[in-house]
1. Consider residue 27 carefully, then state whether it is under 19 Å from the mean Cα position of the chain (by Cα), in contact (Cβ under 8 Å) with a residue 40 or more places away in the chain, exposed (fewer than 15 other Cβ atoms within 10 Å of the Cβ) and closer than 30 Å to residue 77 by Cα.
2. Would you mind finding the one in 5, 17 that is surrounded by fewer than 11 Cβ atoms within 10 Å (Cβ to Cβ) and either part of a helix (DSSP H, G or I) or in contact (Cβ under 8 Å) with a residue 12 or more places away in the chain (or both)?
3. Exactly one of these conditions fails for residue 39: (1) more than 16 Å from the chain's Cα centre (by Cα); (2) touching a residue at least 24 places away in the same chain (Cβ under 8 Å). Give me its number.
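The values are calculated or read from the model by the stated rules, or taken from the named source; none is laboratory data. Quick caveat, the model's predicted, so the values are computed rather than measured. Neighbour counts are summed over all protein chains in view; Cβ atoms, including those assigned to glycine, are modelled from backbone coordinates with ideal geometry.
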């Protein structure tokens, strides 16, 4: 009974996060709401696994949490540097004292 209430509360929290995603005035508010939605999804997967008696859902939830974390870092890096890889990186000068 209590886990059913927790699942409903997680679902309502996800609905509120979606509202924040739509209304967010800045990009970082939207990225934060996507990350929060992923966290709520991980918790909901764990609760549903407990309700259905399937402990293997926790493995799925952990994998989804890792993907959510890496995805959030990648999105924030892309919007800060406008590149995902090292495309904009320039190597340092090997002889900095020779610049006279």
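1. yes
2. The conditions single out 5.
3. Result: residue 39 passes all but (1).
Let's see how each residue does on (1) at pLDDT 90 or above; (2) farther than 30 Å from residue 28 by Cβ; (3) loosely packed, with under 10 Cβ neighbours inside 10 Å; (4) in contact with a helix residue (DSSP H, G or I) (Cβ under 6 Å, 6 or more places away or on another chain):
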| position | (1), (2), (3), (4) |
| --- | --- |
| 56 | yes, yes, yes, no |
| 66 | yes, no, no, no |
| 69 | yes, no, no, no |
| 78 | no, no, no, no |
| 87 | no, no, yes, no |
| 92 | no, yes, yes, no |
| 97 | no, yes, yes, no |
| 100 | no, yes, yes, no |
